[in-house]
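Peer 1: Let me begin by handing over the structure; questions about it come next.
The values are calculated or read from the model by the stated rules, or taken from the named source; none is laboratory data. It should be emphasised that the depicted structure is a prediction, and the values quoted were computed from it without experimental measurement. Cβ coordinates were reconstructed from backbone atoms using ideal geometry, including for glycine residues, and neighbour counts include every protein chain displayed. Surface areas here come from the heavy atoms of the whole protein model, side chains and all, with no ligands, DNA or RNA. Shrake-Rupley method; radii C 1.70, N 1.55, O 1.52, S 1.80 Å.
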Amino acid sequence: MAGCNNPRMQGAIAELDELERIVEASRGRVEATVLARVGDFPLYALRLGSTSVQAPAVGFFAGVHGLERVGTHVVLSFLASLVTRLERDESFARLLDEVRLVFMPLVNPAGMHRRSRSNANGVDLMRNAPLESRERVPFLLGGQRLSRRLPWYRGDAGAPLEPESEALCRLVREELLPRPVSLALDCHSGFGLRDRIWFPYAHTRRPFVHLAEVHALTALFCESYPRHPYLFEPQSRHYLAHGDLWDYLCAEAGSGRVFVPLTLEMGSWRWIRKSPRQLLSRLGFFNPLSLARLERVRSNHLPWLYFLCHAARTCRQWLPAGANR
Ligand SMILES: [Zn+2]
């Protein structure tokens with residue numbers, strides 16, 4: 001496959017090697033393309049399923065923040081499970097006749113390699129979009145242009161998007177925005193004791209234009225999995241930020257089509273509470289360091305990711321319409 005012979009040192013990022021192994025194991029079912037290169041690292045997009053522009057789609061994203069490796073692990077576990085299941089489960093294989101799936105499991109490989117939240121230019125990709133909040137954002141955390149040496153740096157005013165942000169937006173424009181219905185899940189870690197599913201917006205406390213659709217989707221999930229671990233809430237409930245890529249893409253999608261980008265924010269404080277030694281390592285703030293716990297986290301989120309695929313397929317049955325909406 002493209003990228004296997006790239007000049008990257010083998011083993012430089014274990015997650016990239018894992019991604020390439022999964023694509024090879026899929027024996028052509030998963031189409032891999034390199035959207036761009038950042039230094040030695042490819043930015044992979046993986047696609048499978050229906051190519052009809054009318055088909056609903058789900059996009060899975062992770063590794064926007066290089067330190068939050070566990071998000072990439074969750075998406076890769078899901079992809080590996082999906083590839084195995086496609087071989088053995090005909091009814092699941094038929095789901096892909098009706099749904100498009102796209103993956104960008106490692107948006108910021110350079111950040112992951114250098115163990116930083118930002119990319120190699122010091123830019124926080126989730127503050128990089130040309131979108132200003134008109135409300136009060138927290139100092140620094142809400143995005144800043146003071147210095148790339150400080151966290152949450154947005155990039156220079158008026159500069160083009162960073163290549164990783166540009167690649168993510170291009171994939172969303174190609175695969176999600178043209179369709180009547182699309183969902184996205186971007187996997188992060190590091191906030192709080194609970195696992196949260198955040199929905200837009202990040203730049204304003206105004207209600208999300210697709211709040212009714214989010215409500216219907218989460219009600220369906222809660223009925224199917226009453227003991228699920230998630231808190232569903234708007235990101236703005238915690239803090240506001242400039243430059244959120246998903247808010248930027250929501251503005252582009254408008255209200256004429258259903259585009260619902262969600263963020264899985266895994267609560268890493270819980271792992272720290274169980275094992276305070278994690279505080280001794282930079283990665284320990286954002287990832288479970290014990291292998292057994294990492295394995296549990298990798299599989300705990302699979303039902304939610306599978307649910308999104310099934311929800312996309314049956315969207316006509318649960319999307320609110322008319323007075324219901
Ligand atoms: Zn993050």
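Peer 1: Being among the charged types (D, E, K, R) and in contact (Cβ under 8 Å) with a residue 60 or more places away in the chain is the filter here, so list the residues in the stretch 289-317 that pass it. Quick ask: steps written out before the conclusion?
Peer 2: So in the stretch 289-317, the residues among the charged types (D, E, K, R) come out as 293, 295-296, 298, 313, 316.
ARG298, ARG313, listed by residue number.
Peer 1: Name the residue, out of VAL83, VAL70, that is touching a helix residue (DSSP H, G or I) at 6+ places or on another chain (Cβ under 9 Å) and within 16 Å of the ligand (Cβ to nearest atom). Steps first, answer last, please.
Peer 2: Details: VAL83 fails: within 16 Å of the ligand (Cβ to nearest atom).
Unique residue meeting the criteria: VAL70.
Peer 1: Restricting the stretch 138-149 to residues that are open to solvent by less than 70 Å² (accessible area, probe 1.4 Å) and part of a loop (DSSP other than H, G, I, E, B), which is farthest from VAL107 (Cα to Cα)?
Peer 2: Across the stretch 138-149, the extreme among qualifying residues is PRO138.
Peer 1: Which residues, taken from the stretch 93-122, are closer than 23 Å to GLU20 by Cα and not in a loop (DSSP other than H, G, I, E, B)?
Peer 2: Of everything in the stretch 93-122, those that are closer than 23 Å to GLU20 by Cα and not in a loop (DSSP other than H, G, I, E, B) turn out to be ALA93, LEU96, ARG100, LEU101, VAL102, PHE103, MET104, PRO109, ALA110, GLY111, MET112, HIS113.
Peer 1: Something else: Based on what the data block shows, is LEU220 closer than 20 Å to THR314 by Cα and assigned to a helix (DSSP H, G or I)? Spell out the reasoning first.
Peer 2: Working: closer than 20 Å to THR314 by Cα: yes; assigned to a helix (DSSP H, G or I): yes.
Against the criterion (closer than 20 Å to THR314 by Cα and assigned to a helix (DSSP H, G or I)), LEU220 qualifies.
Peer 1: Inspect all residues belonging to the stretch 158-166 and state whether any of them is more than 22 Å from SER116 (Cα to Cα) and surrounded by fewer than 21 Cβ atoms within 10 Å (Cβ to Cβ). Can you show your working first?
Peer 2: Going residue by residue through the stretch 158-166, those that are more than 22 Å from SER116 (Cα to Cα) are 158.
With the extra rule that they be surrounded by fewer than 21 Cβ atoms within 10 Å (Cβ to Cβ), the set shrinks to 158.
Within the stretch 158-166, one or more residues are more than 22 Å from SER116 (Cα to Cα) and surrounded by fewer than 21 Cβ atoms within 10 Å (Cβ to Cβ).
Peer 1: Here's something else I'd like to know. Of the numbered conditions (1) more than 18 Å from LEU35 (Cβ to Cβ); (2) in a loop (DSSP other than H, G, I, E, B), LEU177 fails exactly one; give the number of that condition.
Peer 2: (1)
Peer 1: Same structure, new question: With the condition kept exactly as written, say whether any residue in the stretch 239-253 is open to solvent by 50 Å² or more (accessible area, probe 1.4 Å) and part of a loop (DSSP other than H, G, I, E, B). Steps first, please.
Peer 2: The first filter runs over the stretch 239-253 and keeps only residues open to solvent by 50 Å² or more (accessible area, probe 1.4 Å), leaving 248, 251-252.
Of the ones still in play, those that are also part of a loop (DSSP other than H, G, I, E, B) are none.
Looking for residues that are open to solvent by 50 Å² or more (accessible area, probe 1.4 Å) and part of a loop (DSSP other than H, G, I, E, B), one finds none in the stretch 239-253, hence no.
Here is a yes/no grid of residues against (1) within 16 Å of the ligand (Cβ to nearest atom); (2) touching a residue at least 40 places away in the same chain (Cβ under 8 Å):
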residue	(1), (2)
GLN278	no, no
ASN287	yes, yes
LEU319	no, yes
ARG325	no, yes
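Peer 1: Can you name the residue in the stretch 123-137 that is under 20 Å from the mean Cα position of the chain (by Cα) and in a loop (DSSP other than H, G, I, E, B) and, of all such residues, is nearest to PHE286 (Cα to Cα)? Full working, then the answer.
Peer 2: Filtering the stretch 123-137 for residues under 20 Å from the mean Cα position of the chain (by Cα) gives 123-131.
Checking the rest, the ones that are also in a loop (DSSP other than H, G, I, E, B) come to 123-124, 128-131.
Values: VAL123: 18, ASP124: 16, ASN128: 21, ALA129: 24, PRO130: 27, LEU131: 27 Å.
Selected residue: ASP124.
Peer 1: Pairs needed: first member in the stretch 72-101, within 23 Å of ILE13 (Cβ to Cβ) and open to solvent by 30 Å² or more (accessible area, probe 1.4 Å); second member anywhere, in a helix (DSSP H, G or I) and small (Gly, Ala, Ser); C-beta distance under 8 Å; at least 6 residues apart or different chains.
Peer 2: ALA80/ALA25
Peer 1: Name the single residue, out of those in the stretch 254-268 being open to solvent by 10 Å² or more (accessible area, probe 1.4 Å) and within 14 Å of the ligand (Cβ to nearest atom), that is nearest to ALA202 (Cα to Cα). Even if it seems obvious, please write down each step before you answer.
Peer 2: Our first condition is that a residue be open to solvent by 10 Å² or more (accessible area, probe 1.4 Å); within the stretch 254-268, this holds for 254-258, 263, 265.
Filter again for within 14 Å of the ligand (Cβ to nearest atom), leaving 263, 265.
Details: THR263: 11, GLU265: 13 Å.
Ranking the qualifying residues of the stretch 254-268, first place goes to THR263.
Peer 1: Could you look through the stretch 41-67, keep only residues that are within 12 Å of the chain's Cα centre (by Cα) and not in a loop (DSSP other than H, G, I, E, B), and pick out the one that is farthest from the ligand (Cβ to nearest atom)?
Peer 2: Residues of the stretch 41-67 that are within 12 Å of the chain's Cα centre (by Cα), as a first pass: 58-65.
Restricting the remaining residues to those that are not in a loop (DSSP other than H, G, I, E, B) gives 58-62.
Values: VAL58: 20, GLY59: 17, PHE60: 15, PHE61: 11, ALA62: 9 Å.
Checked the stretch 41-67; the qualifying residue farthest from the ligand (Cβ to nearest atom) is VAL58.
Peer 1: Please verify whether the stretch 240-247 includes one or more residues that are in contact (Cβ under 8 Å) with a residue 12 or more places away in the chain and on the phi > 0 side of the Ramachandran plot.
Peer 2: At the first step, the residues of the stretch 240-247 found to be in contact (Cβ under 8 Å) with a residue 12 or more places away in the chain are 240-247.
This time we only want the ones that are on the phi > 0 side of the Ramachandran plot, so: 243.
Checking the stretch 240-247: at least one residue is in contact (Cβ under 8 Å) with a residue 12 or more places away in the chain and on the phi > 0 side of the Ramachandran plot.
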